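A short worksheet on the structure shown next.
The values are calculated or read from the model by the stated rules, or taken from the named source; none is laboratory data. It should be emphasised that the depicted structure is a prediction, and the values quoted were computed from it without experimental measurement. Note that we place each Cβ from the backbone using ideal geometry, even for glycine, and neighbour counts take in every protein chain shown.
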Amino acid sequence: MKYNLPLTIENITGEKLTFTKISNDEKGECVEVENDVKPGAGPPMHIHFKQDESLTVISGKVGYQIPGAVPKFATEGETIFFPAGMAHKFWNEGNDILKCSGYVRPPNNFIYFLTEIYKSMNENGGKPGLFDSAFLLNHYKSEFAMTEIPGFVQNIFFPIALFFGKLSGKHKKFKDAPPPIK
């Protein structure tokens, strides 16, 4: 899917993400990003199965964590890196806006997935809607996972939401969803 970059998305919980450009180097294609995160805000524990993620702190203090480990922190000029397949989360640990720049390599469906998740968060008071979450996490299960969503929700409620959402036509909003990367 082609995007007119730069593209900025925001959610009502305090994250603003700008996809600045797609670039290529000896390691392949990546999407370069800039983000502004309000104090205390940040994404929940998640996994990019096929993508590396790197963030360099421009200003502020970022907290970050992988499952089972104590939280770590980085400040201006420091870089954090999450290899593909590593569950992680990060948040603004400071009192001012956290500003970072970085990349996700390769882009795959990262832009589409996050754009739709942010849109759903904004439409549903800060958390993605049940059908939207079920559709996106099922459709892109080879690429992304949200590990903070309880297993019983993903294994019981998601299939029910998908069934009734398709019956009611909710799936049509994702008719242009790019195919998942296998």
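Being assigned to a helix (DSSP H, G or I) and either touching a residue at least 60 places away in the same chain (Cβ under 8 Å) or surrounded by 13 or more Cβ atoms within 10 Å (Cβ to Cβ) (or both) is the filter here; which residues of the stretch 165-182 pass it? Hits for the stretch 165-182 are 165, 166, 170, 171, 173, 174. Scan the stretch 13-26 for residues that are touching a helix residue (DSSP H, G or I) at 6+ places or on another chain (Cβ under 7 Å) and either exposed (fewer than 14 other Cβ atoms within 10 Å of the Cβ) or hydroxyl-bearing (Ser, Thr, Tyr) (or both) and the total you get is 1. Examine the stretch 64-75 for a residue that is modelled with pLDDT of 95 or more, assigned to a strand (DSSP E or B) and surrounded by 17 or more Cβ atoms within 10 Å (Cβ to Cβ), and state whether such a residue exists. The answer is yes, given that some residue of the stretch 64-75 is modelled with pLDDT of 95 or more, assigned to a strand (DSSP E or B) and surrounded by 17 or more Cβ atoms within 10 Å (Cβ to Cβ). Tell me yes or no: at least one residue of the stretch 96-109 is more than 15 Å from the chain's Cα centre (by Cα), outside any strand (DSSP E or B) and modelled with pLDDT of 95 or more. Taking every residue of the stretch 96-109 in turn, at least one turns out to be more than 15 Å from the chain's Cα centre (by Cα), outside any strand (DSSP E or B) and modelled with pLDDT of 95 or more. Every condition in (1) over 24 Å from residue 147 (Cβ atoms); (2) surrounded by fewer than 15 Cβ atoms within 10 Å (Cβ to Cβ); (3) at pLDDT 95 or above holds for residue 40 except the one numbered (1).
Of all residues in the stretch 17-46, those satisfying the criterion of being closer than 24 Å to residue 85 by Cα and basic (Lys, Arg) are 21, 27.
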